[in-house]
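Okay, so here's the structure we're looking at.
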Amino acid sequence: MTASSFDVLTMGNAIVDVIAQVDEKFVVKHGLVKGSMNLIDEERAEYLYSDMGPAIEVSGGSAGNTAAGVASFGGKAAFFGKVKADQLGDIYRHDMRAQGVAFDSAAATYGPATARSFIFVTPDAERTMNTYLGACVNLTTADIDERIVSAAQVTYMEGYLFDRQEAKEAFRLAARIARKAGRLTSVTLSDSFCVERHRDDFLALIRNDIDIVFANESEIKSLYQTQNFDGAVKAIAQDCDIAVLTRSEKGCVIVSNGKTIAVPAHPVDEVVDVTGAGDLFAAGFLHGITNGRDYAAARNSAASRRRK
């Protein structure tokens, strides 16, 4: 296996996040399910935008956030994602590169506009996302650069992108390239509703092509159709080498090589906004294992199994 040029390559929806503070009345008025991610069309996007207050616009998306997180820790990160050749697309590319992330995916010259996600944060710090996917869903196998996949220690794939068959094929292609190069593969389940839509495909991907799975408690229980967290832990242990399962204030559980490690959450005085919390958690974990810090042994054993 040759030396790597990148610690982590992430693949996902290239989305400009529009973050606004709202009250509970706003959530009720618009029929939102607090804490969820909902897909909306352009008309709904325009309606919500017109009715919300001041907002902050930040280039993001789940996998983009993780790549930026890896770079912020001093790691070498790359990103595959689809934007359009429009104003928001140019802003997105500039922001990613300014954060130290290699982002060279070709912009679309026709079709829907660059994606944006309205993130409504209520006083209890919970975030509710309403996302117009636009151009980002059009990532295909043509956007998978074999040289970059082969040069990354870990390829990390965002479950939110899994809604189109073309994206599923892109995931499988990237996984095959990574495995051939002796690299690690990883996926985040992203959202329990996303898991419900694609349970069988997620399970097939995890069982055949994935070394590391990231999920929160509701997502992993949805994957295995159980209300019992311990049962879900036992199931995922049979399906992949490493599972990293977050449980909010309970911390996280890491399942590796038949062992279960519980890691407590770091206490904070006040939770202000949980937007991107899981994305940055994944960034920290991936930066750690790709730089020989935490769980390096699990990383090495998984890589060795893939090379056999």
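What follows is calculated from the coordinates using simple rules that are stated; it is not laboratory data. On a predicted model such as this, the values are computed, not experimentally measured, just so you know. All Cβ positions, glycine included, derive from the backbone under ideal geometry; neighbour counts span all protein chains shown.
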Q: For the chain, with a Gaussian network of springs between Cα atoms less than 10 Å apart, report the residue from 121, 137, 268 with the top mean-square fluctuation.
A: 268
Q.
Longer than 23 Å from Cα to Cα, which of 82/168; 29/84; 221/259; 76/250; 84/168 are they? Say none if no pair is.
A. 29/84; 76/250
Q.
Give me a comma-separated list of calculated 3J(HN,Hα) values for region 75-83, in order, Karplus coefficients 6.51, -1.76, 1.60 applied at θ = phi - 60°, integers in Hz, x for any Gly or Pro.
A. x, 9, 10, 10, 9, 10, x, 10, 10
Q: Could you calculate the FRET efficiency of residue 110 with residue 247 from 1/(1 + (r/R0)^6), where r is the beta carbon distance between them and R0 is 45 Å, rounded to 0.05?
A: 0.55
Q. What's the extension gain from residue 24 to residue 47 if we count 0.36 nm per residue and subtract their Cα-Cα distance?
A. 6.5 nm
Q: Using 0.36 nm per residue of separation minus the Cα-Cα distance, give me the extension gain between residue 203 and residue 164 in nm, one decimal.
A: 12.4 nm
Q: For region 6-307, build the charge dipole from Cβ charges (+1 Lys, Arg; -1 Asp, Glu) around the Cα centre, then report which of 16, 112, 139 sits farthest towards its positive end.
A: 139
Q: For residue 16, list long-range residues whose amide hydrogen, built 1.01 Å from N in the peptide plane, is under 5 Å from its own amide hydrogen.
A: 60, 115, 116, 117
Q) Looking at the square roots a ≥ b ≥ c of the eigenvalues of the Cα gyration tensor of region 6-307, which shape do they give, rounded for a/c under 1.5, prolate if a/b is larger than b/c, or oblate? A) oblate
**Q.** Theoretical FRET efficiency, 1/(1+(r/R0)^6), r = Cβ-Cβ of residue 238 and residue 262, R0 22 Å, to 0.05
**A.** 0.70
Q. Which residue fluctuates the most in the chain, going by a Gaussian network model with Cα springs under 10 Å, if the choices are 235, 215, 243?
A. 235
